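Structure first, commentary second.
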Amino acid sequence: MEDKFRGHILAIPYPSQGHINPLLQFSKILASKGLKVTLANTIFISKSLPLKSIGSVQFDTISDGYDEEGFARAESIGAYLARMEAEGSRTLIELITKYNSSPHPINGIIYDPFLPWALDVAKQFGIASAAFFTQTCTVNYIYYMHYHGGDATSIPGLHMLEPQDLPSFISAPASYPAYIEMVLNQYVNLHEADFIFANSFYKLEQQVVDSMSKVCRMLTIGPTIPSTYLDNRIEDDKDYGVHLFKIDSVCSDWLNSKPPGSVIYVAFGSMAHLSHKQMEELALGLKGSGFHFLWVVKESEQAKLPPNFIEELELERSTSTSEDGGKCKGLIVRWSPQLEVLSNEAVGCFFTHGGWNSTIEALSLGVPMIVMPQWTDQPTNSKLVQDLWKVGVRVKVDHHHHHHHANIITDENGIVAREEIESCIRKVMEGETAIEMKKNAKKWKSLAIEAVSDGGTSDTNIHEFLSKLATATA
C-alpha cells in the first residue's frame, strides 16, 4: 500500500532555521506515509546545508534573489521580501515546470504563509495547496483578528491580553513596519488555500482552534518534532537533520553526572542578541541561584559575559572531584543538541526566549520553563506557558527609567535583574509551584504523544489531507 504513487508534494519553507525545521519534520512525516516530498530551500540556505536527502525527503532549490549572502545582503526586511517574491515566484514556476515533465509531477504545495506568493503559483498550476503555520494557533488568531480589524486582545480560553502579552509586531508596530506587513500578508489569500496546517496540537489550544475554525479550518498536525521523542514511528528519527550552526557537544557527559531534575538549561535561540548588562545579570542570577546550569552562548556573544566568568567555571570543573560534583555549577557551550538535552532527565527547567519551536519541544518533553521573551510571537507564547498551560513563569522586566514600550527586553533600559532571575528559578525548581508545573508538564507531554500517535488528532488530520489529496490526484 505504501509503495503506490500517492502524489508528489513540494514544501516551501521561509528561509530561516526556525521555519525550516518544523516543515522539514512535517515533510518526513508525510514521506513516511507514502508521499514523495521535495523541500525547496533557497540557493543560499542550501549552500550551508549540503543535503541530498533526509529519510525519503529530497531537496531542491528556489532563489530569493540573494544567492551569495542570503538575508544578510538585503538592505532591509522589506527589500528582502519584495525581491524574494519576484525571484521566488519565477524560480518556483521553473521548478514545478521541471518536475511536471518528469515521472513525478508536483500535485501539491505546502508553503509557509510568510510567503503568500507561493500560493498564487500553486493556483496558477491548478495544484492542491496547503499553508503551514509555524507559530501557535493563538498567535495566528491574534494576527488574523488584527488583519480583519477585529479585537486581537480577547482570546478564547484566556483573559484579556495586556499589551505586553501581544506579539511585538502588534504592540509596537512602528518598530517593525516590514514585519507587521509580513505577518498580516499571511491572510491576504489564505482563504484560497485548500488546507491550513498549524504546528500545534488540538488539546493544547482547543478553544482557539475551535474559534478559528469558524472562519478558516485550521488542522493541527504537531508537534513536528523528531519521532524518537514522540511516537517513534519513523525509524532512527533523532533530530531535524538540519544544522545551520556548527556542532560542538560536550553536554551529555556533563548532564549524566548530575542528579535528575537538578539542571537549568539556558538557550535563547539562534536569533537572540542580549545586551552586555542583560548577559551579566543572567550570569549572576544563574550563579546566585545555586543550581547547576548548562548555558548555550554563541561564540559571538561570549564577550558579553562578566570578566573571567567562563574561566572560573572551567576552574571549578577541573578541580572538582566526582564526590563534590555539586561544586561545579555551570557549563557554557557554544551549541547544544537541544532535543537531547531537554530529554535528559538531569534537566529540571528550560530558561528560554519562548520561540515556538523551543516551547513546543519543552512541552513535548515535559520540561517546565522560565521565559524571557524578546520579540515577535515570544511574549504571547510566554503568556500561554504561564497562564494557560501553567508549566512555567515569565520573567518581569525592571523599567526604572523606561520610556519605551515594555515588550522588548533587549531595550537598554528594560533589564531583567539578577534577583528576578533567581526568584523565577526558585519558583520553577523548588517548592509547591514547581511540583504543580512539573505535573502539568508531564500531562502536556503525554497529550503531545497521544496527538501524533495512531488515531490521535494530529494523525487524523494528516490522514484527512492524504485521502483528499489521493482523491484529487486519482
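For the chain, the dipole from Cβ point charges (+1 on Lys and Arg, -1 on Asp and Glu) about the Cα centre works out to 760 debye, to the nearest 20.
At an R0 of 25 angstrom, the distance between the Cβ atoms of residue 51 and residue 340 translates into a FRET efficiency of 0.80. From the residues 183, 363, 81, which one has its Cα farthest along the dipole of the chain in the positive direction, the dipole being from +1 and -1 charges on Cβ of Lys/Arg and Asp/Glu about the Cα centre? With unit charges placed on the Cβ atoms, the residue in question is 363. Our estimate of slack between residue 433 and residue 460, defined as 0.36 nm per intervening residue step minus the Cα-Cα distance, is 6.2 nm.
Comparing 56, 348, 22 along the charge dipole axis of the chain, the residue lying farthest to the positive side is 56, per the Cβ-charge model. Each peptide in 339-351, 361-373, 440-452 gets a packing score, the mean of other Cβ atoms within 10 Å over its residues, and the list from highest to lowest is 361-373, 339-351, 440-452. Once the chain from residue 471 to residue 311 is taken as fully extended at 0.36 nm per residue, the excess over their C-alpha distance is 51.3 nm.
Restricting the trypsin sites (Lys or Arg not before Pro) of segment 5-83 to loop positions (DSSP other than H, G, I, E, B) with no more than 13 neighbouring Cβ atoms within 10 Å leaves 52. This model, with +1 at the C-beta of Lys and Arg and -1 at the C-beta of Asp and Glu, gives segment 251-447 a dipole about its Cα centre of some 620 debye.
Pairs of Cα atoms under 8 Å, at least six residues apart: use those to get the relative contact order of the chain, whole percent. Contact order relative to length: 14 percent. Overall, the ratio between the Cα radius of gyration of segment 167-299 and 2.2 N^0.38 Å, rounded to two decimals, is 1.43. Most tightly packed first, judged by the mean number of other beta-carbon atoms within 10 Å of their residues, the peptides 17-25, 275-283 read 17-25, 275-283.
For the chain, the fraction of C-alpha pairs more than 41 angstrom apart is 17%. Return a whole-number percent for the relative contact order of segment 251-447, with Cα pairs under 8 Å and 6 or more residues apart as the contact set. 25 percent. Net charge of the neighbourhood of residue 456, taken over other residues with C-beta under 10 Å away and scored Lys/Arg +1, Asp/Glu -1, is -3. Of all DSSP-defined beta bridges confined to the chain, some 10% are antiparallel rather than parallel. Here segment 251-447 is treated as a Stokes sphere of Kirkwood radius computed over C-alpha pairs; at 37 °C and 0.692 mPa s its diffusion coefficient rounds to 195 µm²/s. Here residue 47 is the anchor, and the lysines within straight C-alpha reach of less than 16 Å, apart from those fewer than 8 places off in the same chain, are 246. Within straight-line reach of residue 442, meaning a Cα separation under 23 Å, sit the following lysines at least 8 residues removed in sequence or on another chain: 203, 238, 258, 383, 390, 427. By the helix-only formula, in which each DSSP H run with n ≥ 4 contributes -39500 (n - 2.57) and the sum is divided by residues, the chain has a 222 nm mean residue ellipticity of -12500 deg cm²/dmol.
Rule-based calculations on the coordinates, nothing more; no lab input. These numbers come from a predicted model, not from an experiment. Glycine gets a Cβ as well: all are built from the backbone with ideal geometry, and neighbour counts include every protein chain shown.
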